[in-house]
Structures are given as structure tokens and as C-alpha cells.
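The values are calculated or read from the model by the stated rules, or taken from the named source; none is laboratory data. All values derive from a computational prediction rather than experimental measurement. When we count neighbours, we look across all protein chains shown, and the Cβ atoms used for this are built from the backbone with ideal geometry, even at glycine. Heavy atoms of the whole protein, side chains included, go into the accessibility calculation; ligands, DNA and RNA do not. Shrake-Rupley method; radii C 1.70, N 1.55, O 1.52, S 1.80 Å.
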Amino acid sequence: MGDNILELRGITKSFDGKKVLDNFNLEIGRNEFITLLGPSGCGKSTTLRIIGGFVWPDEGSVLFEGEDITKLAPERRNVNTVFQKYSLFPHMNVEENIAFGLKLKKKSKAYISDKIKYALKLVNLDGYEKRNPMALSGGQQQRIAIARAIVNEPALLLLDEPLGALDLKLRHEMQNELIKLKKELGITFIYVTHDQEEALTMSDKIVVMNKGIIQQMGTSLSIYDEPQNAFVADFIGESNIFDGIMIKDRVVQIHGKQIDCVDEGFGAGEKVDVVLRPEDVEITTEDKGYYSGTVTSVLYKGAYYEIIVLAEGCEWKCQSVNAPVAGSTVGLYIMPDNIHVMHKPKSSDEEIIKE
């Protein structure tokens, strides 16, 4: 196992005859913040439930610190789960909720009291011991659910879209809290979300999933800057994705124009997908661009303008701090290292899916 705390080997799972995970393999290192990211139905929550012991795979094995725990009951795993619906007990106050798992383990009153104080301090809810959780805000309830999980000192904390019910401002606050918690506790977090920004902000490593298959795994930077296929490019952030032809190393043809790029190793004449991030398409004067087009839309987004330009029969999404006039003619220019060339998908499992 080495530095891996968890290993999923050949996991396959079907529900009602529909395959949700297909020969799924994943290794997770100690003290990592891993995010499983993908559209609804991609298998991310099923993966989490298999790790937690709430679902058993049809095939494959789950190894935790080198031990096969595939069919071990949830309460016998050194793993705790925080769900989107926090599952707090309404008839118990905050400290009773947090103490629930420790009482099942028959820990002493002094031990439980110390652990409750420590956990509440970690989640910034000191003094809330006697409060009714149902009278607290969504953010506070979420913190209690996390406190209840961490007092059990799990080696692995599973979080299934825990911020989904919170408003945007509170979500951002809780994202920062979770990052701090992970550093403080030194445990492994596996986090499930369909929110790309959340994944990019919080993760040491992102696992992008679609149709029960890992499409790409890597750091936030590598996933965003170097997507391996059109699905990842479209799902992570915003992209212009065009058909292209690789003329030779470092030269790609897009919409009939041969443009310098930095990509190599493709076959001459190979049909490819070309990804251009909106912030990398520069709006310039008509004479300085590779293409000229008409500005059809300008939207102010706060830090930048989102601009749509109709050029070569396609809509190009651009971002700029300067706003051209709608209806005006502009040039579009792309720096060679801002062009990302990818192989076309070999199978329907890799094809782009917009949900």
C-alpha cells in the first residue's frame, strides 16, 4: 500500500441492470483532500457509499490500510460520513448528537466531554452544547454533523455534497473551514460534488468521473490547464471546443487557418479537438486577429466582461476586462501556449456529455 490509505480495485456496481461503476480503480494517499467530481448519475456518490460500507460492490475489492474491508459493516470501518442531509437527531441537543458515536463505543464521560469541547472549538461552535440543532442555521447544523464525525477520530472522512443546501456566501465560508479542518486534523478527506468551482478551490487532487469511469485525475491546475478530453474540458470551467486538424508538430488548423501551438506527437493530418479557454481568446483589432467576427453579446460579470463573438459561423466565448461595443467587428487572437489540442474520443464513454 505504501503511502496509500485506500485502494479500490476493479469495482463494478449495477442497480436495476444499469451499470453505475465499471471496473473502477482508484488509489488515495494519506492526508489528501480528494474530490470526486462529475454530473448527476456518474457514480461518485455510489463510490463514496461503497467506501463507507453502505453499499457492497458486485465485483472488486476495497482495501483500507492494506486490509480488505469490502464486506465490513460501516460501524466497523475507521471511516465517517457527512451527508448533504445532516441526519442530526432532533430530540437530542448538540452535545448529545456529537456524543452519539462515542457512547456506542462505551467511552468514559470525561473522555466524551473533552472530545465534545475539542470538536466544537474546531468547528467554531464553542458554547453550543445545550442548543437544539433544529433551531440553528444550515451552516451551524453542517458544522455539528462534521463535529459528530471527527470526534470518532476517523482516518478517513467522507463528505457527500455537504454544502449543497447552503447559500453561496455560506458555501464559500464552509469551503475555507473544511480546508482548515483538514490541515488541523491531518486526516484524509474524500469529497463528492458536482460543483466545479468547489472542486478546484478545495482539492489536492480531483477525480473527474462520467458514466462510472474516471475521465481524468490530477491537481486542480492540471485538470483545468491540461484537460485530457472534451468532456473534462467542457465540465471543468468554460471552454470553446472546436474541430481541428493537426498539420504537423506545433501547427494546428482551426476553421481553415493554420495556427502555431505547442502540442506535439499527433499524426500529420489527424483530426483533433481544440480547447480554447475564454480568458485565453484575446479580442483585438480586426487586422491583428487570426479571425474577425461580430460582437453579439457583452455581459458584465464583476471582475470581467463575458463577450460572445460570432466568427467563422461559430460563437466564441471570450473574457476581457475591457468591453467592446455590441455589433462591432473585432479580431480574435490566440497565443500558441493558450491552445490545447486533444485526441478525439475513441469511444462513446469518452464523448462529451452536456447535462
Most to least packed among 182-192, 67-77 [average Cβ atoms within 10 Å]: 182-192, 67-77
Projected label distance in nm at Thr219 and Asp195, using a 7 Å step from Cα toward the beta-carbon: 2.4
Net charge, Glu173 excluded, C-beta distance under 13 Å - Lys, Arg +1, Asp, Glu -1: +1
Residue-by-residue Karplus 3J(HN,Hα) for region 228-237, coefficients 6.51, -1.76, 1.60, Hz, glycine and proline x: 8, 8, 5, 4, 5, 4, 7, 7, 9, x
Relative packing of peptides 331-342, 104-115, 230-241 - highest average C-beta neighbours within 10 Å first: 230-241, 331-342, 104-115
Listed residues Asn31, Asn176, Asn80, most fluctuating in the chain (Gaussian network, C-alpha, under 10 Å): Asn176
Which labelled figure in (i) 21.1; (ii) 22.8; (iii) 23.9 is Kirkwood radius over Cα pairs in Å, once derived from the coordinates: (ii)
Whole-number D in µm²/s for region 186-292 (Stokes-Einstein; Kirkwood sum over Cα pairs; 20 °C, 1.002 mPa s): 136
Whole-number accessible area per residue in Å² for the chain, which is evaluated in the context of all protein chains at 1.4 Å: 48
In Hz, Karplus ³J(HN,Hα) per residue of region 29-35 (6.51, -1.76, 1.60; θ = phi - 60°; x = Gly, Pro): x, 5, 6, 8, 9, 9, 10
Of all accessible heavy-atom area on region 148-286, the percent that carbon and sulfur account for (1.4 Å): 47
Ordering of 264-272, 92-100 by packing [mean C-beta count within 10 Å, highest first]: 92-100, 264-272
Positive minus negative residues near Phe89 (Lys, Arg vs Asp, Glu; Cβ under 15 Å): +2
Cα-based Rg / Dmax (Å) for region 35-146: 16.4, 47
Proximal charge balance of Lys130 [Cβ under 14 Å; K/R count +1, D/E count -1]: -2
Max mean-square fluctuation residue, GNM over the chain, Cα-Cα springs under 10 Å, options Thr193, Thr201, Thr81: Thr201
Shape category assigned to region 85-208 from the gyration tensor of Cα positions, a/c cut at 1.5: prolate
GNM result for the chain, Cα springs below 10 Å: residue of Pro324, Pro154, Pro162 fluctuating most strongly: Pro324
Cβ-derived FRET efficiency at R0 45 Å, Lys248 paired with Ala165, nearest 0.05: 0.30
